[in-house]
1. For segment 137-202, what is the convex hull volume of its Cα atoms per residue in Å³?
2. Using amide H atoms built in the peptide plane, which far-off residues or other-chain residues are under 5 Å from D571 H to H?
3. Treating only the Cβ of Lys, Arg, Asp and Glu as charged (+1, +1, -1, -1), what charge dipole size does segment 367-484 show about its Cα centre? Round to the nearest 20 debye.
4. How much length is gained on full extension from F227 to K436, taking 0.36 nm per residue of separation minus their Cα-Cα distance?
5. With a 1.4 Å probe and all protein chains kept in place, how do L553, L518 rank by accessible area, largest first?
6. Obtain the nm distance between the two label points defined at S121 and R159 by a simple spin-label model: each point lies 7 Å from its Cα along the Cα-to-C-beta direction.
7. Rounded to the nearest 20 debye, what is the charge dipole size of segment 166-265 about its Cα centre when +1 sits on each Lys and Arg Cβ and -1 on each Asp and Glu Cβ?
8. Rank these residues by their accessible area, most exposed first, probe 1.4 Å: R202, R232, R159.
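The values are calculated or read from the model by the stated rules, or taken from the named source; none is laboratory data. As the structure is a prediction and not an experimental result, all values here were calculated from the model. Glycine gets a Cβ as well: all are built from the backbone with ideal geometry, and neighbour counts include every protein chain shown. Just so you know, the surface numbers come from the protein's heavy atoms only, side chains and all, with ligands and any DNA or RNA stripped out. Shrake-Rupley method; radii C 1.70, N 1.55, O 1.52, S 1.80 Å.
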Amino acid sequence: MYMRKILLLLFTTISHLCDNIPIISDSFKRHACVMGYGVYKLEKILTNDNQEQDVAKIPFTGKRRRAGKRKRNIVIAAICLVLVVAVYFTFRTFSSPKVEGPQYTEYEVMNGNITVSLSGSGTVQPNAQYEVVFLAGGDVIGDTFSEGDHVEKGALLYRMDSSSVEDSLERANLSLEKSRISNERTADSYAGLNVTSPIDGRISEIYVEEGDNVNSGGRIAKVVDDFYLTVRVPFSANDATSLYEGQQADVTIENTFEVLEGKITKIYDTNRVLDGFVTVTDVDVTVENPGALSSGVYVTVGAGGMSSYGGGTLKGGSEEFITAQSSGLIDKIPVVTGESVSSGATVAVLSNDSLDDSVKDSQISLREAELSYESAEKQLDDYNITAPISGSIISKTIKAGDSLESGTKTVMAVIADMSVMSFTVNVDELDIAKMKQGQKASITVDALPEQIFQGTVQSVGILGASSNGVTTFPVKVVFDQTEGLWPGMNATANILVDSVQDVLVIPVSAVNRGNTVLMKDAFAAAGPEDSGTEGGLKQTSLPSGSRYVQVELGLNDNSFIEVKTGLKNGDIVFVPVAADVELPQNTMMIGGPGVGARREGGAPRSGAGASQSAGGPGD
């Protein structure tokens, strides 16, 4: 009796499913009817007195079985099989709302903006940063600043105890002076190898010959200044009163009676008395030497129509002995006796090999002394520690009164030039070609979450670094404004690569191979069985009311893409939905050749990648 009730319940359930669920396919209904018929016949067999005869008529038994317990077991097994098949088809039908065949959503073409950017993070760094260190060691006797102060380049920061260095500088200065004196003497001796005339004049005598050895101070020649000759003659005291300095005078040579033109150069104030009680006044007359005159020639003078009371002898202006200033061998004598020379003219050339070496040694010693002094002077300057750059003191660890150990690098303070702040982001090798100097960036700083900074790409590195098979390149981004920024803050830059404004856009997934788009067209073919070409494009297996169109594409951001030609504002395009994907409850799909309703709110949007950002329609 209980088996009969189970069979009746199963038959009723299958009939209800077939009648009340419209989405069940006709194939399933056919299978359900067969199963229902089988259940019905089993129920009849179990209640029939002639069970053996009826069982032979059941499709599942195949042939007549022997009556008895074995027959009842077979019947029960058949009933269980029917139950398993029924449950399997039921769960297969209702397990998920997956849809077979191509699925689409509709998207209305509209204007929008597309922005492509790359993002990366780095640590904020100042334009320049220097550590103030002092390796010599010693006591800090003063400082002039506090942490946070702004200092200019060259400003005094610390004063160190420099007493020992000052002593070293004094010794170096004394050594330098001694080297200078020695070098000057050696240089003078070397210059003495070139013997010169001390005055303008005429070589009257030469005392040496080429090849002679001379000592320092030895005579080389004698030079007489006789370009102008002077004679002192007496005039009558009465006549002298009519003469004046600069007055022209006639000078007569006694032996040749040749008259030369001269000038009165001096009239003496005192008179003297000659033999015969004649009072005279001495007058000096100078005459230019025509070349043949020499000192000792006797002459008489006349001036202003008056003659001198007596004559006198011509004398040169001066005479000098030319001597060697250094010892050496006379290599050359470039003058001859009687030749006129000017002051500084070479009279003889000497050579001295040992003096050549002395000059080189003296120059080396002088240079060494100069370097020692410069080193000591610089070392003293180092004891006054100054700012290497203009900037802000971001750290101060040493103060007046502290002592530093010699040879130990101790950072006393840190100065940063924060007039320009920047950070470096590492860009993947696949994107580095998009980076260019001057690109703009929008920057966020973790420590200042409510503030957006602007920046500019200053440089794009050309030397990449590889890690775990990935190569990146450094891109330096400079902040346009630096207020509120400090070194070490974490910053993230969105670098604008390219953008277009107010252009037609569609989802990237709507584009097919060959830059085609499936567009809704109420006048297109009715279903997927229709085929043919239109505009050179195959139009086969399409949803009803749709056709393929060729488009020209532009910029894309991985979510949306610019359409330059082929579509217009307001057109409807079909966007494929991935197969075997559970769709949201509020998504209307186009399944197979049928056309459904367009999704509310326009096209679905996917988020930008980690390194790109996008602005879709209306953004």
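1. Residue-normalised Cα hull volume stands at 184 Å³.
2. Amide H neighbours of D571, under 5 Å, 5+ apart: V109.
3. In total the dipole reaches around 340 debye.
4. Result for the pair: 66.9 nm of gain on full extension.
5. Solvent-accessible surface, decreasing: L553, L518.
6. Label at S121, label at R159, 4.9 nm between them.
7. Computed about the Cα centre, the dipole is about 240 debye.
8. From most exposed to least exposed: R232, R159, R202.
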